[in-house]
Amino acid sequence: MKESEKFTVTSAAEKLLAEYQQEPEPSPELTYAVIRLYRYLKKPAKAFELMVQRRPVIESLAREIDFYEMELHFACGRREVAEELLEKLVAGGKLRPSWKRSIDKIKQRFESEGVWDELEELEQGLATFQYDVNLGEHLERLSTILRGDNEALEVLLFVQDRLRALRAVEAAAPQADLAPFDKYHVGHLIFSCGFSWSGSGAVSCFPAQHRAVSQPFGMSELGYVQGRSGRKGIFPFIEPGAFAFGDMKKLLARFCRSRSCACAPSSTTTAC
């Protein structure tokens, strides 16, 4: 659909979903349609919850529903169960080409997540100033995520440079000269965010086209926000009771601490 139509369409979808909640005994066909609608609206948790509560039984769509159930288990992080369902699905007969493509995407996503898990040792080492981390060993893995020309190498050199300065500060404390750090703070940080289909991606792209702007984490959302590599990301902030003042301060402190090892490979203006 056109970008200009997306808000109208999603608003109408939300209205229909609210009407569905009032249905005392919805038909299996309607329930299945709602599950798919949640999926298209990028709300896999809602789709999964409905699949568990009211798994639709439609004989003519049995295999298709099995596929959706398997996909939702993967989307919600229930990988062990999802792989069992996938094994049964493959054993049950021929897969549609579209299903194969979806399964390939799922596998690629988990392979990528595995790489991020491997990098957690590096991140934790930097966060706690463990200088004995051998950054060179991580170059190959880092290159699978930062795929631009020499991008991974630039990040590693940037980190090594800062660690070298930190060692000098530690050795000279408490009479340390902090002047070497000034050169890393000559730029400005730009943080842009938004909601699905709100145009935030375009807003980020506009400044990124300027030669003095770099995006150290690429175009995807930050793993720290999404909750990648064992982090909770923004999810605790939307849980009940999170907006109590004391709780919010603790959440913010934890969130900022978990992001403390994020480094940008450039001293120019950074958009993320």
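The values are calculated or read from the model by the stated rules, or taken from the named source; none is laboratory data. Just so it is clear, the model here is predicted, and its values are computed rather than measured. FYI the Cβ positions are ideal-geometry reconstructions off the backbone, even for glycines, and counts take in every protein chain you see. Accessible surface areas use protein heavy atoms only, side chains included; no ligands, DNA or RNA. Shrake-Rupley method; radii C 1.70, N 1.55, O 1.52, S 1.80 Å.
Please verify whether residue 32 is crowded, with 16+ Cβ neighbours inside 10 Å, in a helix (DSSP H, G or I) and at pLDDT below 95, treating the condition exactly as stated. Here the answer is no, as residue 32 does not meet what is asked.
Within region 38-87, the set of residues being among the acidic types (Asp, Glu) and either more than 18 Å from residue 104 (Cα to Cα) or in contact with a helix residue (DSSP H, G or I) (Cβ under 8 Å, 6 or more places away or on another chain) (or both) comprises 49, 59, 66, 69, 71.
Per-residue answers, yes or no, for (1) under 26 Å from residue 198 (Cβ atoms); (2) among the hydrophobic types (A, V, I, L, M, F, W, C); (3) open to solvent by less than 90 Å² (accessible area, probe 1.4 Å); (4) in contact with an Asp or Glu (Cβ under 9 Å, 6 or more places away or on another chain):
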{"residue": "3", "(1), (2), (3), (4)": "yes, no, no, no"}
{"residue": "16", "(1), (2), (3), (4)": "yes, yes, no, no"}
{"residue": "20", "(1), (2), (3), (4)": "yes, no, yes, no"}
{"residue": "36", "(1), (2), (3), (4)": "yes, no, yes, no"}
{"residue": "62", "(1), (2), (3), (4)": "no, yes, yes, no"}
{"residue": "68", "(1), (2), (3), (4)": "no, no, yes, no"}
{"residue": "73", "(1), (2), (3), (4)": "no, no, yes, yes"}
{"residue": "77", "(1), (2), (3), (4)": "yes, no, yes, no"}
{"residue": "96", "(1), (2), (3), (4)": "no, no, no, yes"}
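When you scan region 103-112, do you find a residue that is of a type in the set (D, E, K, R) and in a loop (DSSP other than H, G, I, E, B), even just one? For region 103-112, residues of a type in the set (D, E, K, R) and in a loop (DSSP other than H, G, I, E, B): absent.
Inclusion of residue 45 among residues that are open to solvent by 60 Å² or more (accessible area, probe 1.4 Å) and either among the aromatic types (Phe, Trp, Tyr) or assigned to a helix (DSSP H, G or I) (or both) is warranted. Residue check: residue 6 meets all listed conditions (1) of a type in the set (Lys, Arg); (2) part of a helix (DSSP H, G or I); (3) over 24 Å from the mean Cα position of the chain (by Cα) but one, namely (3).
Among the residues making up region 22-66, those that are more than 23 Å from residue 100 (Cα to Cα), among the charged types (D, E, K, R) and within 24 Å of the chain's Cα centre (by Cα) are 46, 49.
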